[in-house]
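Enquirer: Below you'll find the structure I mean.
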Amino acid sequence: MFYREFFTGLVRIAVIGLGTLGAAGCSVAQQDSFTLITELPPGFKFKGEASYVPRTGENCTVPARDGRNYPGKKFFEQKLSNEAQTAQFEIPLTSNEGGCPLVLDNFGYQVDAKYGAARLDLGRAFTGISFQDGSAEASSPPPVLVLQKQCEWLFRTAGPDRYIEKILKCKSVATPDKTGDTIIKGPMQRVQFAEKTIKVVFSMAEEETPYMGDTWVKFPEGWKRCMGKSLDDPYAFCRGNTTDFKPFKMPDGRDCTVYPHCTE
């Protein structure tokens with residue numbers, strides 16, 4: 001799982017987990033590692049996968065999977081919580097599993113957020129970053145690098161009963177010192193992150209907006225779904241008609257005419 005786009009729709013961070021770690025179960029970072037701190041809003045969870053390759057100059061290969069043992073991959077997880085939560089992970093930059101000297105090559109992760117009680121009532125966003133060899137003498141991140149990430153819900157109707165579904169969209173926002181935008185660019189040089197800390201802070205926007213333009217009309221009491229050609233029109237673009245609307249269903253099954261308050 002690897003996505004090269006950095007902080008465009010999702011956070012791009014240099015992280016890798018060692019097993020499944022909690023906020024209280026971390027050791028002091030070693031010279032070939034850095035610390036990842038994640039702050040999540042209520043209803044979020046965090047899961048990632050990191051991949052290793054043989055160190056430059058080595059002729060060995062990444063050992064094959066053996067049962068549940070993945071020598072070339074490491075995983076971490078911050079489980080779903082109804083409360084805001086903070087977790088801390090020690091992030092190794094190298095590995096020697098299976099006898100082959102390995103280095104961190106890329107990392108992909110997903111962040112999930114719940115919007116309803118059903119199992120599939122969630123939004124998901126992905127991102128990733130690549131790593132490369134480098135020099136310790138190059139420009140280095142500060143001891144603690146803070147990255148801000150703002151997420152929002154985009155809502156739409158789906159299916160013949162027009163149930164509300166939501167899409168999670170996340171984007172980077174500038175920190176006060178703007179270090180996140182000026183330092184994290186392109187592939188990371190591993191050596192620059194030794195003994196450093198990356199703190200990623202997620203927040204959720206208070207206001208929700210339609211997933212697609214010209215499908216809802218906003219009124220003081222909330223959003224109304226445009227009628228389109230008929231009740232059965234799955235696209236239902238407004239096309240200038242701001243007087244005819246159709247009902248929809250909330251994720252919990254309520255019949256509604258205005259979002260998000262359901263009734264006018």
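None of the figures in this text is laboratory data; all of them are computed from the coordinates on show. Predicted, not measured: the structure shown is a model, and the values here were computed from it. Note: ideal-geometry Cβ built from the backbone for every residue, glycine included; neighbour counts use all protein chains shown.
Enquirer: From the backbone phi of the range 61-67, what are the Karplus-calculated ³J(HN,Hα) couplings (6.51 cos²θ - 1.76 cosθ + 1.60, θ = phi - 60°) in whole Hz, Gly and Pro given as x?
Expert: 10, 5, x, 6, 4, 10, x
Enquirer: I'd like the distance between the alpha-carbon centres of the range 35-102 and the range 190-255, rounded to an integer number of Å.
Expert: The range 35-102 and the range 190-255 have Cα centres separated by 34 Å.
Enquirer: Run the quick spin-label model on A158 and S203: label points 7 Å from Cα toward the beta carbon, then report their separation in nm to one decimal.
Expert: Here the modelled spin labels are 2.9 nm apart.
Enquirer: Once the other residues with Cβ under 11 Å from the Cβ of E264 are scored (Lys, Arg +1; Asp, Glu -1), what is the net sum?
Expert: Numbers: positive: K224; negative: E221.
Surrounding charge for E264 is 0.
Enquirer: List the residues, sorted by chain then number, that are 5 or more residues from T215 or on another chain and whose placed amide H is less than 5 Å from its amide H.
Expert: When sequence neighbours closer than 5 places are left aside, the close amide H contacts are C238.
Enquirer: Considering every pair of different Cα atoms, what Kirkwood radius, in Å, is found for the range 212-264? Don't jump to the answer; show the numbers that get you there.
Expert: Values: mean 1/r = 0.0897 Å⁻¹.
So the Kirkwood estimate lands at 11.1 Å.
Enquirer: Okay, next question. Taking the Cβ of K73 as the center, what net charge do the other residues with Cβ under 14 Å away carry, scoring Lys and Arg +1 and Asp and Glu -1?
Expert: Working: positive: K47, R65, R68, K74; negative: E49, D66, E77, E97, D105.
With Lys, Arg at +1 and Asp, Glu at -1, the net is -1.
Enquirer: Give the Rg/Rh ratio for the range 33-204, taking Rg as the radius of gyration of the Cα atoms and Rh as the Kirkwood radius, to two decimals. Walk me through the intermediate numbers first.
Expert: Numbers: Rg = 18.4 Å, Rh = 18.0 Å.
Over the Cα atoms of the range 33-204, Rg/Rh equals 1.03.
Enquirer: Through the Karplus equation 6.51 cos²θ - 1.76 cosθ + 1.60, θ set to phi - 60°, convert the phi angles of the range 112-118 into ³J(HN,Hα) values in whole Hz; use x for Gly and Pro.
Expert: 3J(HN,Hα) across the range 112-118, in whole Hz: 10, 9, 8, 10, x, 7, 5.
Enquirer: Sticking with this one: Short version: ³J(HN,Hα) in whole Hz for each residue of the range 206-217, in order, from phi by Karplus 6.51 cos²θ - 1.76 cosθ + 1.60 (θ = phi - 60°), x for Gly and Pro, what are they?
Expert: My calculation for the range 206-217 gives 6, 9, 9, 9, x, 5, 10, x, 6, 10, 10, 10 Hz in order.
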